[in-house]
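The values are calculated or read from the model by the stated rules, or taken from the named source; none is laboratory data. Note that the structure is predicted; figures quoted are calculated from it, not measured. Note: ideal-geometry Cβ built from the backbone for every residue, glycine included; neighbour counts use all protein chains shown.
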């Protein structure tokens, strides 16, 4: 009986460890619920058909069947415990996960809808020959020293996600005007691009849902927010590290906004119009003076506030 108990314990620990590996493997990387379920299913099958029988046979050959059945119970109990840890972990760490990797969204991209543009750093040669216009959905052109967006990229009809971060010399007015199907774009990143203003051509992206403009301290907050309020489908606005002294009252006009990521600014207060954002669910304001007394400005019954790291 001691060996049977040992079999249960070993199988339980193996599967519990397997789940922990899944969780921390996905931590900080793109992935979604489907990926987790597939990994879990593969692990469960392998544990039941390969690992558990071997452990049971080695521990107690004469009572192999009985030991295997009890070992299987260990597999399922380990799977259940691991699944609960996974779910609790996601609830507790969801917002840190989002912060660490804003692209971590199961609907964001998948292996059959994503291609990457090649860039040879050593020779500074940009190769866009791999672009498949019918398949590509996401393009990352970060830190390539671009002046304008390559025509091969602009001509992609189904481009949903475009990252132009760390291209301080790029002409956004021309680049945005070049994009063949601007209504397809849903996610745009312009982080750390030394921006002084956003061009009105940004409003061509009528279905834009997520915009990253953090790390651009030269942007004028009033001018920027008043322009962006015209993007009626915008759900996430990331303005971290802009060193803004205040958040304009016009922020209250964003009717679809459900996430505002505003860490590392200099807000000492928030406009009362922040409570006009009926769709707002989360606001990140740590590394701001207002983080100490945010309850004076935000209705926390409707919005989850993240004021601490």
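Working only within the stretch 210-224, note down all residues that are outside any loop (DSSP other than H, G, I, E, B) and buried (at least 17 other Cβ atoms within 10 Å of the Cβ).
Once the filter is applied, which keeps residues that are outside any loop (DSSP other than H, G, I, E, B) and buried (at least 17 other Cβ atoms within 10 Å of the Cβ), the stretch 210-224 yields 210, 211, 212, 221, 224.
Looking at residue 162 and the list (1) modelled with pLDDT of 55 or more; (2) under 21 Å from residue 237 (Cβ atoms); (3) part of a loop (DSSP other than H, G, I, E, B), which single condition is not satisfied?
All conditions pass for residue 162, except number (3).
Residues to consider are 256, 268; find the one that is touching a helix residue (DSSP H, G or I) at 6+ places or on another chain (Cβ under 8 Å) and part of a loop (DSSP other than H, G, I, E, B).
Exactly one of 256, 268 is touching a helix residue (DSSP H, G or I) at 6+ places or on another chain (Cβ under 8 Å) and part of a loop (DSSP other than H, G, I, E, B), namely 268.
Please verify whether residue 227 is touching a residue at least 24 places away in the same chain (Cβ under 8 Å), in a helix (DSSP H, G or I), at negative phi and assigned by TED's automatic domain parsing to the domain that holds residue 168, treating the condition exactly as stated.
Answer is yes for this residue.
Among the candidates 136, 149, 156, 174, which residue alone is assigned to a loop (DSSP other than H, G, I, E, B) and modelled with pLDDT of 90 or more?
Only one candidate passes the filter, namely 149.
Determine whether residue 242 is modelled with pLDDT under 95 and either surrounded by 17 or more Cβ atoms within 10 Å (Cβ to Cβ) or over 17 Å from residue 210 (Cα atoms) (or both).
Taking the combined requirement at face value, the residue does not satisfy it.
Confirm whether residue 201 is in a helix (DSSP H, G or I), at pLDDT 95 or above and under 27 Å from residue 159 (Cα atoms).
Yes; evaluated as a whole, the condition is true for this residue.
Under 21 Å from residue 260 (Cβ atoms), assigned by TED's automatic domain parsing to the domain that holds residue 247, crowded, with 17+ Cβ neighbours inside 10 Å and without any contact (Cβ under 8 Å) to a residue 40 or more places away in the chain: which single residue out of 193, 165, 175 fits that description?
Just a single option satisfies the conditions, and that option is 193.
Quick one: which residue in 242, 207 is touching a helix residue (DSSP H, G or I) at 6+ places or on another chain (Cβ under 9 Å), assigned to a loop (DSSP other than H, G, I, E, B) and under 26 Å from residue 306 (Cα atoms)?
242
Test residue 274 against the criterion of being farther than 25 Å from residue 192 by Cβ and either part of a helix (DSSP H, G or I) or at pLDDT 95 or above (or both), and give yes or no.
yes
Within the stretch 277-291, take every residue that is part of a loop (DSSP other than H, G, I, E, B) and touching a strand residue (DSSP E or B) at 6+ places or on another chain (Cβ under 9 Å) and give me the one that is surrounded by the fewest Cβ atoms within 10 Å (Cβ to Cβ).
Looking at residues that are part of a loop (DSSP other than H, G, I, E, B) and touching a strand residue (DSSP E or B) at 6+ places or on another chain (Cβ under 9 Å), I get 281.
Considering the stretch 178-190 alone, what residues qualify as being outside any helix (DSSP H, G or I), out of contact with any strand residue (DSSP E or B) (no Cβ under 8 Å at 6 or more places or on another chain) and either more than 19 Å from residue 233 (Cβ to Cβ) or touching a residue at least 60 places away in the same chain (Cβ under 8 Å) (or both)?
Listed by number, the list holds a single entry, 180.
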